[in-house]
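Beneath this line is the structure, given in structure tokens, with notes to follow.
The values are calculated or read from the model by the stated rules, or taken from the named source; none is laboratory data. On a predicted model such as this, the values are computed, not experimentally measured, just so you know. Here the Cβ is made from the backbone with ideal geometry for all residues, glycine too, and neighbour counts use every protein chain on show. The area values use the complete protein model at the heavy-atom level, side chains included, leaving out ligands, DNA and RNA. Shrake-Rupley method; radii C 1.70, N 1.55, O 1.52, S 1.80 Å.
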Amino acid sequence: MDRLSAYDTIDACLYRETGPVERRACIGEYRAACETLSDNGETMTGMMMCAGEEYEAWDRWLNEAYRDLRESLPEDAVINLREAQRSWIAHRDQDCLFLSGLYAGGSMEGLERAGCLTSKTAERAIELMYWDRVYPPF
């Protein structure tokens with residue numbers, strides 16, 4: 001049986017989980033299934049592959065949530081959102097560089113970075129999906 005893509009797995013989970021808090025349970029769901037179902041999923045190479053696939057999917061969800069939010073805002077707010085997003089990306093990247101650096105030179109360095117990027121990107125995607133409900137008026 002073929003497994004769902006990372007994007008489709010997240011889509012199914014987001015459909016199943018209805019609120020922003022509940023949707024956090026979707027973070028890591030694909031990676032866990034991928035590592036279990038892939039022939040080499042429990043090797044470092046397999047874990048990196050699964051982590052990378054999930055990160056790419058959440059990055060796509062983030063971009064879609066950002067686009068949808070941007071389209072709902074007046075032009076002056078779009079400029080502020082763009083600057084906020086740029087700052088958030090820099091902060092995320094620096095945090096993940098720090099955390100993965102704790103494993104510098106070790107086999108866990110890349111896996112830690114991938115996991116950090118995935119979780120922070122997913123959290124931001126979910127935040128942007130609900131920003132219009134959490135921070136009115138929109």
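Scanning region 16-39 for residues that are in a helix (DSSP H, G or I) and open to solvent by less than 30 Å² (accessible area, probe 1.4 Å), which turns out farthest from Thr118 (Cα to Cα)?
Applying the first criterion (in a helix (DSSP H, G or I)) to region 16-39 yields 16, 20-26, 29-37.
Add one more test, that the residue is open to solvent by less than 30 Å² (accessible area, probe 1.4 Å), and what stays is 26, 30, 34.
On the way: Cys26: 11, Tyr30: 11, Cys34: 15 Å.
Per the stated criteria, the residue is Cys34.
Results for (1) of a type in the set (A, V, I, L, M); (2) modelled with pLDDT of 95 or more, shown as yes or no for each residue.
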residue: Leu62; (1), (2): yes, yes
residue: Arg67; (1), (2): no, yes
residue: Ala77; (1), (2): yes, no
residue: Ser100; (1), (2): no, yes
residue: Arg113; (1), (2): no, yes
residue: Leu117; (1), (2): yes, yes
residue: Ala122; (1), (2): yes, yes
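Of the conditions (1) assigned to a helix (DSSP H, G or I); (2) in contact (Cβ under 8 Å) with a residue 24 or more places away in the chain; (3) open to solvent by less than 40 Å² (accessible area, probe 1.4 Å), Cys13 clears all except one; give me its number.
(2)
Hey, can you tell me all the residues within region 65-92 that are open to solvent by less than 60 Å² (accessible area, probe 1.4 Å) and either touching a residue at least 12 places away in the same chain (Cβ under 8 Å) or in contact with an Asp or Glu (Cβ under 8 Å, 6 or more places away or on another chain) (or both)?
Within region 65-92, Ala65, Tyr66, Leu69, Leu73, Leu81, Gln85, Trp88, Arg92 meet the criteria.
To keep it simple, each residue is scored yes or no on (1) at pLDDT below 95; (2) more than 22 Å from Arg133 (Cα to Cα).
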residue: Asp39; (1), (2): yes, yes
residue: Glu53; (1), (2): no, yes
residue: Ala57; (1), (2): no, yes
residue: Glu71; (1), (2): yes, no
residue: Leu81; (1), (2): no, no
residue: Ala84; (1), (2): no, no
